[in-house]
Amino acid sequence: MTRLFLVRHAESEWNAERRWQGRGDPPLSPHGREQATLAAQSLSGDVDVIVASPQRRAIETAEIISRALGLGEVTTDEDLREIDVGEWTGLTIDVVESRWRDELQAWRAGELDAPPGGEDRHAFLARLLSALDRVRESHDDKRVLVLTHGGAIGRVERHLNCHPGHGSGNLTGRWFTLDGELRVASDRIKLLPESEVPAPETR
């Protein structure tokens with residue numbers, strides 16, 4: 001059985017600016033790099049290997065944690081990328097709420113299959129599950145930190161009927177087990193102190 005700890009990346013520059021990211025590829029903010037260093041302290045002794053989305057905000061977070069824990073090279077999987085939010089990419093939350101109020105409400109309620117010009121949520125889930133299967137095949141019986149995105153974690157949670165609510169803070173995650181079937185193994189876990197303010201829903 002493989003244990004998978006799906007965790008959202010640290011704060012990116014676009015998180016700090018309250019911009020929707022999706023397939024956008026901003027780096028971590030200076031504060032995000034500090035967050036990743038701090039989060040590593042919470043993971044000492046709990047993970048054996050790290051696999052990450054190749055987007056900069058995820059891979060940078062993973063590499064900072066890996067260096068701090070002495071876990072060696074971080075591998076990536078393309079299918080751990082965030083959902084493509086199409087026309088919302090790079091726009092601030094306020095702009096999206098103003099221009100696409102109805103669509104955004106439907107998206108948050110799970111009633112819209114894709115953002116305008118974006119990726120279908122069913123195809124998104126299929127690629128995420130494929131990526132997790134590959135992680136299990138490569139790291140059977142290991143404890144794997146999967147450094148990914150808020151939308152990715154939320155989609156897997158909804159698939160397993162355990163989504164706790166809307167939005168996911170930076171460096172927040174949940175343990176799952178995978179041994180033929182993906183199962184929930186923990187509640188949401190915050191790797192940062194309560195004083196850290198979670199980032200807005202910008203994925």
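Summary of computed values
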{"quantity": "Candidates W20, W107, filtered to the one that is closer than 27 Å to N161 by Cα, at pLDDT below 95, crowded, with 20+ Cβ neighbours inside 10 Å and in contact with a Pro (Cβ under 9 Å, 6 or more places away or on another chain)", "calculated": "W107"}
{"quantity": "Residues of segment 126-154 classified as exposed (fewer than 15 other Cβ atoms within 10 Å of the Cβ) and closer than 24 Å to E11 by Cα, total", "calculated": "0"}
{"quantity": "Residue match in segment 89-100 (condition: crowded, with 18+ Cβ neighbours inside 10 Å and either at pLDDT below 95 or of a type in the set (S, T, N, Q) (or both))", "calculated": "yes"}
{"quantity": "Residue under evaluation A123, criteria (1) within 20 Å of H9 (Cα to Cα); (2) out of contact with any Phe, Trp or Tyr (no Cβ under 7 Å at 6 or more places or on another chain); (3) of a type in the set (A, V, I, L, M, F, W, C), criterion not met", "calculated": "(1)"}
{"quantity": "Whichever residue in segment 64-84 is hydrophobic (A, V, I, L, M, F, W, C) and in a helix (DSSP H, G or I) and, among such residues, is nearest to V51 (Cα to Cα)", "calculated": "L80"}
{"quantity": "Cross-chain or 6+ apart pairs with Cβ under 9 Å, segment 15-26 first and at negative phi, then modelled with pLDDT under 95 and β-branched (V, I, T)", "calculated": "N15/T202; E17/T202; R19/T202; W20/T202; Q21/T202"}
{"quantity": "Matching residues in segment 96-153 - criterion: being farther than 23 Å from I64 by Cβ, not charged (D, E, K, R) and not in a helix (DSSP H, G or I)", "calculated": "W100, A109, G110, L112, A114, P115, P116, G117, G118"}
{"quantity": "Any hit, segment 114-130, residues being under 26 Å from E34 (Cβ atoms), hydroxyl-bearing (S, T, Y) and out of contact with any Cys (no Cβ under 8 Å at 6 or more places or on another chain)", "calculated": "no"}
{"quantity": "Residues located in segment 23-41, provided they are under 16 Å from V7 (Cβ atoms) and either modelled with pLDDT under 95 or acidic (D, E) (or both)", "calculated": "Q41"}
{"quantity": "Leading residue by the ranking (farthest from E11 (Cα to Cα)) among those in segment 41-59 that are over 13 Å from the mean Cα position of the chain (by Cα) and surrounded by 19 or more Cβ atoms within 10 Å (Cβ to Cβ)", "calculated": "V47"}
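The values are calculated or read from the model by the stated rules, or taken from the named source; none is laboratory data. As the structure is a computational prediction, the values presented were derived from the model and not from experiment. Positions of Cβ are backbone-derived with ideal geometry, glycine not excepted, and every protein chain shown enters the neighbour counts.
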